[in-house]
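See structure below.
The values are calculated or read from the model by the stated rules, or taken from the named source; none is laboratory data. The structure displayed is predicted, hence computed values, not measured ones. Don't worry about glycine lacking a Cβ; one is built from the backbone with ideal geometry, like all the others, and counts go over all protein chains shown. In case anyone asks, the SASA skips ligands and DNA or RNA and just uses the protein heavy atoms, side chains included. Shrake-Rupley method; radii C 1.70, N 1.55, O 1.52, S 1.80 Å.
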Amino acid sequence: MAPQTDQLTVVECAEYDHIDVDPDLWVGDGHQTVFNSEIDNRDVLRASFQKGQLRLQATSYVGVIPINDRLVVRVKPRVPIGNLTRMVIDTGHSVMALSAFRDYSGRGTADDWAMRVYTDALIEYVDEVLDAGMIREYRDMTAEGHYPHGRINMTQTVQRHAARGIPNRASFSWFERTIDTPENRCIKAAMEIVHTHLKQQRDHPRKGDRTRLAKLSGLLMAFDAVPYDEYHLFLADPQVAGLNPLPDSRSYYRRVLDLSVLIVRGVGLALELDGDDVQLGSMLIDTNQLFESFVRVSLVRAAAARSWLASVLDGNTEGRVDFYDVPDELPHVRGSALEALATTDAGKAQPDIVVARPDGKALLIAEVKNTAHGQRSHTIDTLPERGEVEQAVTYALRYDLPFALLIHPWIRGKKGLVYVGRVRTIDVYDYRLDLSLDETMDASLEDMAEVVAYLARLEGSDAPISG
């Protein structure tokens, strides 16, 4: 279960993989189990026992999961994703925040989502700094006057005053403690930037922003004696930049300085597992919901950009229809009509995506599945899972369509549209969306939109039919 550092064991796995856990890592003194209460009743890991040994199975949540102070599990996506952060930002997908810390990389430009994460972390970190004590330094101050204090500089006093016949004036110096340090100027600049960001006018103000503004205003008062560095000269300081270590007694400044530097430089946040630019609370991401939302949002944007005469709907809400019909003439069995259960409960047909005309006529339904089809197969191209096909075909029949579309993340083999085959009268297609590289993601999404438009006959072409 490597790698292991001191008494902390870090285990890496992919979504839905299993890991076996040594009893020393989860059984404490008195044979009591030791688990992080934050993950109780959250479907981030599933536990079972095999031959007396604890076995944990990852779910669709990726990120760093602290089991306890001895064991941390790092779960990565099971399909290649080149820019997980972009998918979260584009969809507005919520993350599950934990208090345990992990390292992140800075990347790109700080957008509204990153600033929202930064704001909460900055407030927490500055609170910790004020509780533990601000960095102060002694500065050698000099002055001249009739009421000296500190140390009298005899040479300067004689040369500048006594020699000129001024016996009641002296030059003197003293040491003064100040919070005007590069570290504190960096933190204050970050708070000013975040404060300004929160005050910007928005069409839909976020819940909690007023509270955040109030907290920041209070924290800024503690830095009132720290001057504003307009040119951000503090960024050249080796301790601010992390080139020189902080004193051991002030090591708690490291997290807030790393975060403040990202904010001042306007650098965004990358959610991928590898990174060491800043330490923040662990954020877990449900990739199943994320992939479905990302596909739907991308198609909604494509529909607007291409001026489709149709809407891309969420079949779980606005695009759903009754699953069952109740015929006017009920079937008779052994001389009597059978009552239809669907009379009181017609059920719901809920494809993940429905493309429909303004009059409500469905032109296409798609089932979006974040499953690793064929991952362990010996062949390059494999069939989609049987249950997924059956669900999509059933929905196609219900929406009176001659074809059904599945959308999967690409893993290997052919990319783009794949023709699976025909189930009676329903042609089954599988689109394998390549998200493996950030630089090719836009092209992949464009191709997916073209395929959807083609299948739905939205751009003057006939839908493909099998031979």
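Please give the Cα centre distance for the stretch 222-264 versus the stretch 318-355, rounded to the nearest Å.
66 Å
Hand me the chymotrypsin sites (Phe, Trp or Tyr not before Pro) from the stretch 138-245 located in a DSSP loop with no more than 11 other Cβ atoms within 10 Å, in residue order please.
Here the sparse-neighbourhood loop sites are Tyr228, Tyr231.
Hey, which aspartates and glutamates would be in cross-link range of Lys76, C-alpha to C-alpha under 13 Å, not counting anything within fewer than 8 residues on its own chain?
Lys76 reaches Glu12, Glu15, Asp17, Glu272, Asp274, Asp286.
Given a cut-off of under 8 Å on Cα pairs at least six residues apart, what relative contact order in percent is computed for the chain?
Answer for the chain is 15 percent.
Just to confirm a number: summing +1 for Lys and Arg and -1 for Asp and Glu over residues other than Ala110 whose beta-carbon lies under 11 angstrom from that of Ala110, what do you get?
Summing Lys/Arg as +1 and Asp/Glu as -1 gives +1.
Tell me which of Ala356, Leu433, Val264 sits at the most positive position along the dipole axis of the chain, charges placed on C-beta atoms (Lys, Arg +1; Asp, Glu -1).
Farthest towards the positive end: Val264.
Which of the GluC sites (Glu not before Pro) across the stretch 220-317 are loop residues per DSSP, with 11 or fewer other Cβ within 10 Å?
When the GluC sites (Glu not before Pro) of the stretch 220-317 are filtered for loop state and at most 11 Cβ neighbours within 10 Å, Glu230 remain.
Provide the convex hull volume over Cα atoms per residue for the chain, in Å³.
Considering the Cα atoms of the chain, their hull volume per residue is 256 Å³.
Can you compute log10 of I(q)/I(0) for the stretch 97-165 with the Debye formula, treating each Cα as one identical point scatterer, at q = 0.18, 0.27, 0.28 Å⁻¹?
-0.88, -1.24, -1.28
Using only DSSP helix segments of four residues or longer, with each worth -39500 (n - 2.57), what per-residue ellipticity at 222 nm results for the chain after dividing by its residue count and rounding to 500?
After summing the helix terms and dividing by the residues of the chain, the value is -9000 deg cm²/dmol.
Counting pairs of alpha carbon atoms under 8 Å apart in space and at least six apart in sequence, what relative contact order in percent does the stretch 1-158 give?
20 percent
So what does Val326 come to for accessible area, using a 1.4 Å probe and Å² rounded to 10?
Counting only protein heavy atoms, the figure is 60 Å².
Pick out, from Met96, Val117, Thr9, the residue whose Cα sits farthest towards the positive end of the charge dipole of the chain, with +1 on the Cβ of Lys and Arg and -1 on the Cβ of Asp and Glu.
Val117
State the extension gain, in nm to one decimal, for the chain segment bounded by Phe35 and Ser336, taking 0.36 nm per residue of separation less the distance between their alpha-carbons.
102.3 nm
What distance in nm lies between label points placed 7 Å from Cα along the C-beta direction at Asp111 and Leu383?
Taking the simple label geometry, Asp111 and Leu383 are separated by 4.0 nm.
Arg55 to Asp131: extension gain in nm, 0.36 nm per residue of separation minus the Cα-Cα distance?
Stretched out fully, the Arg55 to Asp131 stretch lengthens by 23.3 nm.
Put Lys188, Lys348 in order of accessible area, largest first, 1.4 Å probe: what do you get?
Listed by decreasing accessible area, they come as Lys348, Lys188.
How much length would be gained if the chain were fully extended between Tyr138 and Lys415, taking 0.36 nm per residue of separation minus their Cα-Cα distance, in nm to one decimal?
Contour length minus the Cα-Cα distance gives 93.3 nm.
Over the chain, with the other protein chains present, what is the accessible area per residue in square angstrom, probe 1.4 angstrom?
It amounts to 54 Å² per residue over the chain.
Work out the FRET efficiency for Asp438 and Asp209 from their Cβ-Cβ distance, taking R0 = 41 Å, and round it to the nearest 0.05.
0.85
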